[in-house]
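J.: Mind having a look at this structure? Questions to follow.
The values are calculated or read from the model by the stated rules, or taken from the named source; none is laboratory data. The structure displayed is predicted, hence computed values, not measured ones. No Cβ is skipped: glycine too gets one built from the backbone with ideal geometry, and neighbour counts run over all protein chains shown. Calculation scope for accessible area: heavy atoms of the full protein, side chains included, ligands and nucleic acids excluded. Shrake-Rupley method; radii C 1.70, N 1.55, O 1.52, S 1.80 Å.
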Amino acid sequence: MTTTGVLTGFGHGFVAFAVSALLKPIALDLETSRGAVSTAIGLGRLASGIASPIVGRATDRSGARGVVVLGMVLTALGLVALGFVQTEATLYLAWSVLVSAGVAAGFTVALDKLVVASIRETRGMALAMRFSVAAVVSTLLVPFVTVLVDTVGWRNTCFIWALVILALLPIPLLTFERHTPPQPPASGIAKNSAGTVRSILVQPALWLIAFAFMAQAAVVTGLSVHLVPLMTDNGLTATIAGTLFGGMILLSVPVRLLAGVVADRAPISVLPIFLAILLVLEAVAIASFALAPSFATMLVVVLALGIGAGAPTLVVLLLCAHLFGEDRFATVQGALMFMQVPGTMVAPIVAGLVHDWTGSYQAAVAIFSIALGAAALAIGCVRVPVLAHRT
């Protein structure tokens, strides 16, 4: 669990969180707007979503090792290309295609499947530990990258991080098995629904989960990309903003551990309600900044993001493994990642454009709080049949 968390922290953590430290420097260097850079990031979500079903299918068929290695190499190549961009078009190619597709292959679906396929009885805590390690790595990474950008520039930062990713290649090459055979499906709904992808796609529970997952991920993505600019616009230095950003990620650790405990001890039917409550709390917290922007409510947004980056993904993964079966887990997760695309692609663009139009992120934050309320309603409607057993 530690190794998968380390990989996710250095790979996905850089792309999902540390990118916030790159946004303003890239916009200034290329003499473009934040909206344009946000568009590149949003299009990256599209590329990641398109790649995820393919990654999931490949992982279910042949295991995680080769998929992860390929993704890491592609990510490193994309970061090198990013360091050389001179125009918006080349920015889109480097970030929106190479880096984003590489991260989808190397640091998300395949690593989650590796954990789910390896552990049964304490799966919730295992996933919580994986995500917690990733959060700790990301916490240290964000302020470090922020200082690195200020010291050597954003281009050299991309080159350095490409070398970091390549230096981590021995982890999957030496510690991951060449192929992880699929676990036999357990009794209950997981057994019955694991037959075909088509039988899974017609289940209402999948679409409710997909909508909630998309809306929640869109909010976290949109705010995370713009969080450092939001804080610096409100008077903080880039270094302090990066440190607070890192603190937000660290805050997600206890939330993840709590979710892991609940998932392993409570009936599986409780998980949708548990997640709905967390999403409502997050929506209310974020709305406070939209209603009364200040330093205090800005800190509340940071705290709310700590919740948003914590429990939801863990709960969704456990629900999918239970409802749809382990043997097609990565395929289902890949489909969910693809279904996230409308939200995660549009959210950073909306936040960037709203800022360009109004000079503030206030209206964008209001939109995000409404989206979280809709996500809570959707996940609260998911029902787990009484006959189902925990996988």
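J.: At 1.4 Å probe size, what's the solvent-accessible area of W161? Round to the nearest 10 Å².
T.: Here the accessible area works out near 10 Å².
J.: Add -39500 (n - 2.57) for each DSSP H run of 4 or more in the chain, then divide by its residues: what number comes out at 222 nm, to the nearest 500 deg cm²/dmol?
T.: -26000 deg cm²/dmol
J.: Next question. Charges on Cβ only, +1 for Lys and Arg, -1 for Asp and Glu, centred on the Cα centroid of the chain; of L250, Q203, S96, which one is farthest towards the dipole's positive end?
T.: Q203
J.: Here is a further query. Any chance you could run the full-extension gain for L163 through V73? It's 0.36 nm times the residue separation minus the Cα-Cα distance, nm to one decimal.
T.: Result: 31.4 nm gained on full extension.
J.: Here's a follow-up. Peptides 5-13, 65-73: what's the order by average Cβ count within 10 Å, highest mean first?
T.: 5-13, 65-73
J.: Give, rounded to the nearest 20 debye, the magnitude of the charge dipole that the chain has about its Cα centre when Lys and Arg contribute +1 at Cβ and Asp and Glu contribute -1 at Cβ.
T.: Using Cβ point charges on Lys, Arg, Asp and Glu, the chain gives about 980 debye.
J.: Here's something else I'd like to know. Please give the Cα centre distance for region 324-368 versus region 198-243, rounded to the nearest Å.
T.: 6
J.: For the charge dipole of region 239-391, defined by +1 on Lys and Arg C-beta atoms and -1 on Asp and Glu C-beta atoms about the Cα centroid, which residue among V300, A283, I268 has the Cα displaced farthest towards the positive pole?
T.: I268
J.: Using a 1.4 Å probe on the protein chains only, how many percent of the accessible area of the chain belongs to carbon and sulfur?
T.: Percent of accessible area from carbon and sulfur atoms in the chain: 73.
J.: Scan region 317-391 for trypsin sites (Lys or Arg not before Pro) in coil per DSSP, keeping those whose Cβ has at most 15 other Cβ atoms within 10 Å, and list them by number.
T.: Listed in order of number, the matching sites are R383.
J.: Let me ask you something else. Quick one: what are the phi-derived ³J(HN,Hα) couplings along region 118-135, Karplus 6.51/-1.76/1.60 with θ = phi - 60°, whole Hz, x for glycine and proline?
T.: 9, 10, 10, 5, 10, 4, x, 5, 4, 5, 4, 5, 4, 5, 5, 4, 4, 5
J.: Which order do E326, E177, E121 take by accessible area at a 1.4 Å probe, largest first?
T.: Putting E326, E177, E121 in descending order of accessible area: E121, E177, E326.
J.: Just to check I understand the Karplus step: with θ = phi - 60° and J = 6.51 cos²θ - 1.76 cosθ + 1.60, what whole-Hz values come out for region 42-53, glycine and proline as x?
T.: Values, residue by residue: x, 5, x, 5, 4, 4, 5, x, 5, 6, 4, x Hz.
J.: Here is a further query. Please report, to one decimal in angstroms, the Kirkwood hydrodynamic radius of the chain built from all distinct Cα-Cα pairs.
T.: Hydrodynamic radius (Kirkwood, Cα pairs) of the chain is 20.6 Å.
J.: Positive end of the charge dipole of the chain (Lys, Arg +1 and Asp, Glu -1 on Cβ, about the Cα centre): tell me which of F176, I50, A217 has its Cα farthest that way.
T.: F176
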